[in-house]
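Visitor: Here's a structure for you.
Nothing in this text is a laboratory measurement; each read-out follows from the coordinates by a stated rule. None of these values were measured; they are calculated from a predicted model. Every residue, glycine among them, receives a Cβ derived from its backbone with ideal geometry; neighbour counts consider all protein chains shown.
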Amino acid sequence: MDPEPFRDLSVAWLSRGLAPHYENCIRDRLERFKRAFTTITKGGIDDGLTQALVIWNEGLFCEVHERLEPIWQNEWGEKRQALKGLIKAAGGKFHK
């Protein structure tokens, strides 16, 4: 949950003189990351599921998958199945 790598990678890509639609996409995602990190940090949200909800609400569905997968791997039973469903839903939203 460190925003610095996202910012650094965005700056690196934006320095390459990309086509405007790529630059716009990167800037949009960077703003979404900033909002998610701000909400999580200022809210003192340390629960991975709640963090995933904040990330989902910003439309960062691939990142929701990344946040939920380590939680899913350590769960059993119905909770594991529910997390699997959320991960699949995030994947579907990402590909859509």
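Visitor: Compute the long axis of helix 20-42 from its Cα atoms, compare it with the longest principal axis of the Cα atoms of the chain, and write down the angle in degrees, 0 to 90, nearest 10.
Guide: With rounding to tens, the tilt is 50 degrees.
Visitor: Compute the long axis of helix 77-95 from its Cα atoms, compare it with the longest principal axis of the Cα atoms of the chain, and write down the angle in degrees, 0 to 90, nearest 10.
Guide: 20
Visitor: Right, next: Nearest 10 degrees is fine. How inclined is helix 48-57 to the longest principal axis of the chain, computing both from alpha carbons?
Guide: Compared with the principal axis, the helix lies near 50 degrees.
Visitor: Moving on. Given contacts defined as C-alpha pairs under 8 Å and at least six residues apart, what's the relative contact order of region 4-95, whole-number percent? Mind dumping the intermediate values first?
Guide: On the way: 59 pairs, mean separation 19.8, N = 92.
Here the relative contact order equals 21 percent.
Visitor: Size of the dipole of the chain about the Cα centre, Lys and Arg at +1 and Asp and Glu at -1 on the beta carbon, nothing else charged, in debye to 20? Show your work: numbers first, answer last.
Guide: Numbers: 15 positive and 14 negative charges, 67 e Å.
In total the dipole reaches around 320 debye.
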